[in-house]
Amino acid sequence: MQFQNHLSFARELDQQDPLGKYRDEFHFPKVNNRPVIYFTGNSLGLQPKRSQVFIDEIMTDWKDLAVEGHFYADKPWWDYHERLAKPLAGVVGAKPEEITVMNTLTINLHLMMVSFYRPDTKRYKILVEEKAFPSDQYMINSQVKFHGFDPTSAVIELKKRKGEHYWRTEDILAKIEEAGEELALVLIGGVNYYNGQVFDMEKITSVAQAKGAIVGWDLAHAVGNVFLDLHRWGVDFAAWCSYKYMNSGPGNASGVFVHERHLGKTDIPRFEGWWGTKKENRFLMKPEFEPMDTADAWQISNAPILSLAPYLASLELFEEVGMEALIEKRKLITAYLEYILEEVSREVKGNFEIITPADRGCQLSVLLHGEGRSLFEYLMKEGVIVDWREPNVIRLAPAPFYCSFEDMYRFGQILKNGIIS
Ligand SMILES: *Cc1c(COP(=O)(O)O)cnc(C)c1O
């Protein structure tokens, strides 16, 4: 498509956008009395209007039924979390039994490590991307130390080539080859939070597994953003938070995928609790732990229903729209944003560079060479919500659920004025 940097062209794209009507499903903050241009859906997704309805339903059931709500609410609480498995399976390409929802992301990565990182003196290394999200680094280093190993020798960091802003798949595969039989685990962010790169998850998974390693993915920036086919790719486990592209609310529950080959096993080490036991026998309060045959075996506590309610509301939207349509719009709107950035750069000789490679989701990371934090502050004041990452990167994520093409056009005008002035 031949893009144009005109308001009428952007409006035309909005008119043709089959997802256009979903913008109205979300609450937008306002700046200068106008809905903001929201580029931080990669950090905290906007609030779907229907999440209030789902939360109110729980509050009403609690008020009217109290403890009886566990079994007699319209959506009973004792197995409420199961309602999330099917729509989530659609989002990540899994079977519903491979999905559970619980805790928060870093906690779940720890729980997955308990089961899937069992190093011995021969096989103990973990392959991660350099400068991984800090919480992931802390999590991995602490796990390594917990097992009595030294992170400096046990953690292999994938480096980018000098002068390049992205990782090359061939370099990753070479590292896997090099680590060989010492490689216990590969754990990478499926979409890197900083440069927005999508890793070749299918290829990396199969090559590392052929070496005898376990492969897990942190999908914080991937879920609801890019195509995922976890079951078919044979991924061992994955986890994600739900408050970024999944729009479930601040700090909300995390999703977990465990491949079916690991389900229904009693010999897998796991931190256990009553919500992981067989449903039928849960309230018999027996001393033996009988794991659920599903990923729910990893559940420990009874589920935080007030958190799951807005997550379920959001998943209803995802189920309605489907990842295919979202991905289609994502490609178009991200390409349009890229075009707008290039136009602005050409018109005002903007001194910036997009460091996100072609394998990308909706995030474009823009490295500012001349401009600094002042440009970021100007954008925020003008109602363009972006985020800033040291030393000099602005991340722009036009989430396809609620961003419009007109937003992209208007952003270009605001940016241009900011650079000129
Ligand atoms: C957002 C994000 C997290 C956040 O972890 P929480 O446990 O939910 O606070 C962790 N890892 C990555 C890669 C992220 O992008």
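The values are calculated or read from the model by the stated rules, or taken from the named source; none is laboratory data. All values reported here derive from a predicted model rather than from experimental measurement. Positions of Cβ are backbone-derived with ideal geometry, glycine not excepted, and every protein chain shown enters the neighbour counts. To get the accessible areas, we keep the full protein, side chains included, count just its heavy atoms, and leave off ligands, DNA and RNA. Shrake-Rupley method; radii C 1.70, N 1.55, O 1.52, S 1.80 Å.
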Item checked: Folded to 0 to 90 degrees: helix 7-16 orientation relative to the chain principal axis, Cα -> 40 degrees
Checklist line | Per-selection Kirkwood Rh - the chain (Cα, Å, 1 d.p.) | finding: 22.7 Å
Margin query: Could you tell me the center-to-center distance, by alpha carbons, between region 375-413 and region 226-290 in angstrom?
Written below: 35 Å
Notebook entry, point to check: With a sphere of radius 9 Å drawn around the Cβ of Leu312, what net charge do the other residues whose Cβ falls strictly inside it have (Lys, Arg +1; Asp, Glu -1)?
Noted result: +1
Notebook entry, point to check: Does anyone have the angle between helix 50-65 and the longest principal axis of the chain? Alpha-carbon axes, 0 to 90°, nearest 10?
Noted result: 30 degrees
Item checked: Thr277, Thr266, ranked by accessible area, largest first (probe 1.4 Å) -> Thr266, Thr277
Next item on the list: Give the Debye-formula value of log10 I(q)/I(0) at each listed q (0.17, 0.23 Å⁻¹), with one equal scatterer per alpha carbon of region 196-328, two decimals each.
Entry: -1.07, -1.37
Margin query: Report the Cα centroid-to-centroid distance between region 84-152 and region 51-73 in angstrom, as an integer.
Written below: 33 Å
Check: Among bridges DSSP assigns within region 95-252, what percent are antiparallel (round to 5)?
Finding: 5 percent
Note to self: Using +1 at the C-beta of Lys and Arg and -1 at the C-beta of Asp and Glu, which of Trp298, Thr100, Ala213 has the Cα lying farthest in the positive direction of the dipole of region 53-321?
What the structure shows: Ala213
Check: At a probe size of 1.4 Å, how large is the accessible area of Val215, to the nearest 10 Å²?
Finding: 0 Å²
Note to self: On the Cα set of region 253-401, report Rg and Dmax in Å, please.
What the structure shows: 23.1, 72
Next item on the list: Give me D for region 217-277 in µm² s⁻¹, whole number, from Stokes-Einstein with Rh from the Kirkwood sum over alpha-carbon pairs, 10 °C and 1.306 mPa s.
Entry: 121 µm²/s
Notebook entry, point to check: Cα axis of helix 105-116 to longest principal axis of the chain: angle in degrees, 0 to 90, nearest 10?
Noted result: 40 degrees
Item checked: With every protein chain in place, the chain: carbon and sulfur % of accessible area (1.4 Å) -> 52 percent
Margin query: Which residue fluctuates most in the GNM of the chain (Cα springs below 10 Å): Asn103, Asn351, Asn252?
Written below: Asn351
Check: Probe 1.4 Å, all protein chains in place: accessible area of Lys160 in Å², nearest 10?
Finding: 60 Å²
Next item on the list: Using DSSP, restrict attention to beta bridges with both residues in the chain and report what percent are antiparallel, rounded to the nearest 5.
Entry: 60 percent
Item checked: Inter-probe distance in nm under a simple model that places probes 7 Å from Cα toward Cβ, at Phe289 and Arg34 -> 5.6 nm
Checklist line | Förster-model FRET efficiency, 30 Å R0, Arg373 and Phe9, C-beta, rounded to 0.05 | finding: 0.40
Item checked: For region 376-421, alpha-carbon Rg over 2.2 N^0.38 Å -> 1.17
Check: Going by a ≥ b ≥ c, the root eigenvalues of the Cα gyration tensor, does region 7-134 fall in the rounded group (a/c under 1.5), the prolate group (a/b larger than b/c) or the oblate group?
Finding: oblate
Check: Averaged per residue, what accessible area in Å² does the chain show with a 1.4 Å probe, protein chains only?
Finding: 43 Å²
Next item on the list: Give the relative contact order (percent, whole number) for region 53-321; include only Cα pairs under 8 Å separated by 6+ residues.
Entry: 24 percent
Item checked: Dipole moment magnitude, nearest 20 debye, region 53-321 about Cα centre, only Lys, Arg, Asp, Glu C-beta charged -> 760 debye
